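The values are calculated or read from the model by the stated rules, or taken from the named source; none is laboratory data. Given the structure is predicted, the values throughout are model-derived calculations rather than measurements. Methodologically, a virtual Cβ is constructed for each residue, glycine included, from the backbone with ideal geometry; neighbour enumeration extends over all protein chains shown.
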Amino acid sequence: MTGQVRTVDGRVAGRRGQATRQKLLDCLSEMLSSSPYRDVKVIDVARKAGTSPATFYQYFPDVEGAVLELAEGMAAEGSGLTSLVEGRSWTGRSGWQSAQELVDGFLDFWRRNEAILRVVDLGAAEGDKRFYKIRMKVLNSVTRSLTEAVTELRSKGKVDKDVSPAAVAGSLVAMLAAVASHQKGFQTWGVKQAELKPNLALLVHLGVTGRKPTK
């Protein structure tokens with residue numbers, strides 16, 4: 001961890017303190033993968049990290065505060081999802097490759113951050129503006145880039161002029177997020193991961209270009 005990290009009372013944490021703080025976050029992240037968010041207690045996180053609740057409270061006001069730290073870090077990583085769209089071609093065979101890589105990258109990001117994203121979705125659904133802003137921060141990076149891609153195609157006459165780039169982009173990202181958060185559920189419907197990705201990429205390509213992909 002780099003940069004200044006402060007304790008709850010405003011003191012700058014030293015190298016050892018930063019390491020302890022990070023260990024607490026790592027342990028919390030691991031616990032969220034196997035336990036419901038509401039069941040995670042400070043004492044359990046501290047015990048798993050090999051420290052005390054008093055030490056936990058030096059760095060975080062409560063479990064929710066620590067979860068928000070994890071969520072902010074995840075959102076910062078999520079801003080990189082824009083690279084899956086920016087500068088990509090959506091014409092010819094390159095368009096099909098762009099759709100596939102967007103789907104692969106999006107599903108992979110969601111899978112790696114599944115536990116914290118589940119908590120973020122819960123908080124956002126309950127009306128917590130902090131979690132809502134974090135969720136939108138993740139989705140907006142891709143939505144803006146896709147909007148620009150559809151806008152460019154429309155300006156070149158390759159997409160119908162009546163198409164709303166923002167509406168199309170927002171709908172596609174909402175679809176990607178819904179599918180990504182339900183990946184395990186598809187298995188109960190007999191849909192394998194190997195089948196899910198190409199079909200999802202087909203829908204993305206159709207949505208962006210209005211055409212079947214050239215493979």
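Tally up the residues in the stretch 29-54 that are buried (at least 16 other Cβ atoms within 10 Å of the Cβ) and hydroxyl-bearing (Ser, Thr, Tyr), please.
Of the residues in that region, 3 qualify.
Against the definition (of a type in the set (Gly, Ala, Ser), assigned to a helix (DSSP H, G or I), within 20 Å of Ser181 (Cα to Cα) and under 17 Å from the mean Cα position of the chain (by Cα)), how does Ala99 come out, yes or no?
Here the answer is no, as Ala99 does not meet what is asked.
I'd like the full set of residues that are touching a residue at least 60 places away in the same chain (Cβ under 8 Å), out of contact with any Leu (no Cβ under 8 Å at 6 or more places or on another chain) and part of a loop (DSSP other than H, G, I, E, B), limited to the stretch 158-210.
Scanning the stretch 158-210 gives a single hit, Lys158.
Restricting the first residue to the stretch 136-153 and requiring it to be among the polar types (S, T, N, Q), which pairs with a second residue that is surrounded by 18 or more Cβ atoms within 10 Å (Cβ to Cβ) and at pLDDT below 95 meet a Cβ separation below 7 Å and a spacing of at least six or different chains?
Once the first residue is among the polar types (S, T, N, Q) and sits in the stretch 136-153, its partners that are surrounded by 18 or more Cβ atoms within 10 Å (Cβ to Cβ) and at pLDDT below 95 give Ser141/Gly78; Ser141/Leu81; Ser145/Val85.
Return a yes/no flag: does the stretch 67-86 have any residue that is part of a loop (DSSP other than H, G, I, E, B) and either within 30 Å of Thr143 (Cα to Cα) or touching a His at 6+ places or on another chain (Cβ under 6 Å) (or both).
So the first thing to find is which residues in the stretch 67-86 are part of a loop (DSSP other than H, G, I, E, B), and the list is 85-86.
After this cut, where a residue has to be either within 30 Å of Thr143 (Cα to Cα) or touching a His at 6+ places or on another chain (Cβ under 6 Å) (or both) as well, the list is 85-86.
Taking every residue of the stretch 67-86 in turn, at least one turns out to be part of a loop (DSSP other than H, G, I, E, B) and either within 30 Å of Thr143 (Cα to Cα) or touching a His at 6+ places or on another chain (Cβ under 6 Å) (or both).
Yes or no, residue by residue, for (1) surrounded by 15 or more Cβ atoms within 10 Å (Cβ to Cβ); (2) modelled with pLDDT under 95; (3) in contact with a strand residue (DSSP E or B) (Cβ under 6 Å, 6 or more places away or on another chain); (4) not assigned by TED's automatic domain parsing to the domain that holds Leu146:
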| residue | (1), (2), (3), (4) |
| --- | --- |
| Ala76 | no, yes, no, no |
| Leu84 | yes, yes, no, no |
| Thr91 | no, yes, no, no |
| Trp96 | yes, no, no, no |
| Gln100 | yes, no, no, no |
| Val103 | yes, no, no, no |
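Count, please, the residues in the stretch 149-186 that happen to be β-branched (Val, Ile, Thr) and within 17 Å of the chain's Cα centre (by Cα).
In the first step, residues of the stretch 149-186 are kept if they are β-branched (Val, Ile, Thr); the result is 150-151, 159, 163, 168, 173, 179.
So of that shortlist, the ones also within 17 Å of the chain's Cα centre (by Cα) come out as 173, 179.
Matching residues across the stretch 149-186 total 2.
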